[in-house]
Structures are given as C-alpha cells and as structure tokens.
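What follows is a single structure, written as structure tokens, with notes after it.
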Amino acid sequence: MFEAEARIATIDGSRYLTEIAKAWVHTYPVRYDALTAEIELPCGQLIMTADGDSLSLRLVGTDHERFDVAKEAVAKHVDRVAEHDTGVRCVWHEIS
C-alpha cells in the first residue's frame with residue numbers, strides 16, 4: 001500500500017476542498033461537506049480535511065504507477081484552485 005500526505009497552509013481550506021470535490025463529483029464517487037471530503041480515485045482514495053488554517057490531504061493506493069499519476073493530478077488541481085493565493089502549493093510527503 002502507498003500513502004502520501006500534503007498540508008496546505010491557507011485560511012481558504014474549505015473553499016479549496018469544496019471546489020476540488022465539485023470538480024470531480026461527475027467523474028468519481030465523491031462524498032463531501034464543508035470540512036471533509038472522500039474521493040474514490042482509480043488508484044485508491046483521496047481524503048481531504050479543512051480547518052481554519054489549512055487543508056490536509058491524504059492519498060492511499062495500491063498501484064504505484066497509478067498512485068504517482070494521482071498525486072500529480074491532485075497537486076495540479078489544488079494548485080489551479082489556489083492559483084491566486086501567493087505561495088500556496090501542494091507538496092506530497094510519502095508516508096509508506
């Protein structure tokens with residue numbers, strides 16, 4: 001199993017989470033509210049949690065190649081949503 005996490009320091013975590021979830025709701029199974037989201041991607045599961053000062057992302061998967069592709073896709077999507085916020089970037093940290 002492969003796991004990676006990212007934490008984005010922003011007061012707009014809930015907005016980022018909601019925009020990402022809404023963008024993928026027509027493509028993948030998605031459950032979300034203002035503070036949490038679970039998205040079933042082809043490689044595994046993306047779990048997002050927003051609070052007052054950050055957006056936390058956790059990606060879990062079993063296929064290494066698809067996992068790396070998903071990390072890139074999620075990071076690009078986060079970066080696109082945050083494009084007007086200076087210094088906001090999605091950087092993954094492998095945890096297993």
Tyr16 vs (1) under 13 Å from Ala82 (Cβ atoms); (2) out of contact with any helix residue (DSSP H, G or I) (no Cβ under 6 Å at 6 or more places or on another chain); (3) surrounded by 19 or more Cβ atoms within 10 Å (Cβ to Cβ): all pass except (2)
| task | Would you be able to say whether some residue in the stretch 77-89 is in contact with a strand residue (DSSP E or B) (Cβ under 8 Å, 6 or more places away or on another chain), within 15 Å of Ala9 (Cβ to Cβ) and β-branched (Val, Ile, Thr)? | result | yes
Check your understanding: Does Leu41 qualify as being modelled with pLDDT of 95 or more and more than 16 Å from Arg80 (Cβ to Cβ)?
Key -> no
Is it true that Gly52 is under 18 Å from Met1 (Cα atoms) and of a type outside the set (S, T, N, Q)?
no
Filter the stretch 1-25 for residues that are among the β-branched types (Val, Ile, Thr) and within 14 Å of Ala75 (Cα to Cα); the one that is modelled with the highest pLDDT is Ile20
When (1) under 17 Å from Thr18 (Cα atoms); (2) touching an Asp or Glu at 6+ places or on another chain (Cβ under 6 Å) are applied to Asp79, the one that fails is (2)
Residues in the stretch 59-96 that are surrounded by fewer than 18 Cβ atoms within 10 Å (Cβ to Cβ), at pLDDT 85 or above and β-branched (Val, Ile, Thr) total 4
For Tyr28, the lone unmet condition from (1) surrounded by fewer than 16 Cβ atoms within 10 Å (Cβ to Cβ); (2) in contact (Cβ under 8 Å) with a residue 24 or more places away in the chain; (3) under 19 Å from Glu72 (Cβ atoms) is (2)
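The values are calculated or read from the model by the stated rules, or taken from the named source; none is laboratory data. It should be emphasised that the depicted structure is a prediction, and the values quoted were computed from it without experimental measurement. Neighbour counts run over all protein chains shown; Cβ positions are idealised from the backbone, glycine included.
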